[in-house]
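The values are calculated or read from the model by the stated rules, or taken from the named source; none is laboratory data. Fair warning: this is a prediction, and the values are worked out from it, not measured in the lab. All Cβ positions, glycine included, derive from the backbone under ideal geometry; neighbour counts span all protein chains shown.
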Amino acid sequence: MKKNFLNIPYKYWYEFRVLITLVIIAFTIKSTLIEIYIVPTGSMENTIMTGDMLVGNKFVYGMKTPPWIGLPYTRIGFDIPWLRFPKYKTIETGDVTIFEFPRDPFQKYVKRCIGTAGDLIWMENGDIFVNQKPFLLPKKAKYIHKTREKPGLRGAGIYSSFKGNKDNLNEFMVPYNGMEINFNEIEDWNSIVTLLVQDGNDVQISDKSFTVIDPQEIGRTKGFLKYMLMGLFMNKNKVRKIQNNDRINFTKNLINKNRENGIHNPWEFLDIMKKHPEDIYNNLKINGVFAKDMGFYTIKHDYYFFIGDNRDNSYDSRFWGFVPDYQVLGTPLVSIINIFKLTDLLKFNFNQFFRFEYIK
């Protein structure tokens, strides 16, 4: 039987080419146009329910080519250059948005945008204020004229000062492209170093380098699908114990590997140095240049601040800060089904399973 250069019999060659073409088309659509997401938590209830399958529009904020290539649903692969095409609309305050989680871009989050680049935000006793006006979450949420100041960034109130406070935040400005940081006025270096790393810089203090990729977050979701499938056939408490042990060991190994290579998360390492801010100021390098010699730094990206509609049970920007423009993916269009309603076939409810509800 004749074969081609891939050693595939000619009678199967046509089918093979069709299969490869379909895979490429499917991957392209998934990466750039439309993607299906399953929501594992209740952070956006009751707008989006736990287990909802969402259809996401990935071109509304500007179609983005894949920044990574590798085996789907794994971390096996490598980064590649990417670009973003012109957008149909800009993100507005109140938009429900899908984005890459800054501390682990393999995780995709969906939250509501509370502040866009340049907005002034504060929270007082649970009430949110954006540019001096109250921001009201939609009625479904469980917790029931934009201006820009002169470019400049105060030293406090931009990142680590959040500390996960659910109901009270001091006033801060969401960073934007063109905003200036004056290194001589910085009080909260934790905030600034994190922002500098997110802005695409090589940031170092002495022999220490910084990354916002958090081993704790990577370990938290490792093997999520595997353990979910194990739970269908094993005692859930036993599966949970196995998962916790695996997560702890995996996270420890990642942290140790980073430390051996001199890589740290800013919010951990700089907390140790906060009693001696002069050491940070004197030793901080940005792309090989001392910050004290630069004087100022101009931010290169726009940033966004996100909060879940179910605010009391949402892991969001109040805990981990801003999302840069390059990690914004799109917006959910519609919830089509809820897969968690399949867990008990004896109590299956057709109307609850097929939701088909537009997200807004």
Practice task
Collect the residues in region 20-45 that are modelled with pLDDT under 80 and either in contact with a Cys (Cβ under 7 Å, 6 or more places away or on another chain) or in a loop (DSSP other than H, G, I, E, B) (or both), keeping them in residue-number order.
Solution key: Leu33
Handout entry: Test: residue in region 214-222 that is under 30 Å from Asn177 (Cα atoms) and surrounded by fewer than 17 Cβ atoms within 10 Å (Cβ to Cβ)
Key = yes
Practice task
Only residues that are surrounded by fewer than 20 Cβ atoms within 10 Å (Cβ to Cβ) and not in a helix (DSSP H, G or I): list them for region 175-198, please.
Solution key: Tyr176, Asn177, Gly178, Glu180, Asn182, Glu187, Asp188
Practice task
Could you tell me whether region 268-283 includes any residue that is closer than 17 Å to Asp202 by Cα and either in contact with a His (Cβ under 8 Å, 6 or more places away or on another chain) or of a type in the set (D, E, K, R) (or both)?
Solution key: no
Problem - In region 193-219, residue farthest from the chain's Cα centre (by Cα) [restricted to those that are within 18 Å of Asp293 (Cα to Cα) and not acidic (Asp, Glu)] - result: Ser206
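Conditions tested, residue by residue: (1) part of a strand (DSSP E or B); (2) at pLDDT below 85.
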| site | (1), (2) |
| --- | --- |
| Thr50 | no, yes |
| Pro72 | no, yes |
| Phe78 | yes, yes |
| Glu92 | no, no |
| Phe106 | yes, no |
| Tyr109 | yes, no |
| Cys113 | yes, no |
Practice task
Collect the residues in region 173-192 that are hydrophobic (A, V, I, L, M, F, W, C), under 23 Å from the mean Cα position of the chain (by Cα) and at pLDDT below 90, keeping them in residue-number order.
Solution key: Trp189, Ile192
Exercise for the section: For Leu254, indicate whether it is out of contact with any Gly (no Cβ under 6 Å at 6 or more places or on another chain), under 19 Å from Ser191 (Cα atoms) and either of a type outside the set (Phe, Trp, Tyr) or exposed (fewer than 11 other Cβ atoms within 10 Å of the Cβ) (or both). Expected result: no
Exercise for the section: Go through region 258-270 residue by residue and tally those that are within 23 Å of the chain's Cα centre (by Cα) and surrounded by fewer than 16 Cβ atoms within 10 Å (Cβ to Cβ). Expected result: 1
Practice task
Any chance you could count how many residues in region 301-360 are in a helix (DSSP H, G or I), of a type in the set (Lys, Arg) and modelled with pLDDT of 70 or more?
Solution key: 2
Practice task
Check whether at least one residue in region 143-153 is surrounded by 14 or more Cβ atoms within 10 Å (Cβ to Cβ) and either modelled with pLDDT of 85 or more or closer than 16 Å to Phe322 by Cα (or both), and report yes or no.
Solution key: yes
Exercise for the section: Only helices (runs of 4 or more DSSP H) wholly contained in region 202-267 count here; list those with 2 or more residues that are at pLDDT 85 or above and over 18 Å from Trp320 (Cβ atoms). Expected result: 236-260
Practice task
Take region 280-318 and flag every residue that is aliphatic (A, V, I, L, M) and surrounded by fewer than 16 Cβ atoms within 10 Å (Cβ to Cβ).
Solution key: Val289, Met294
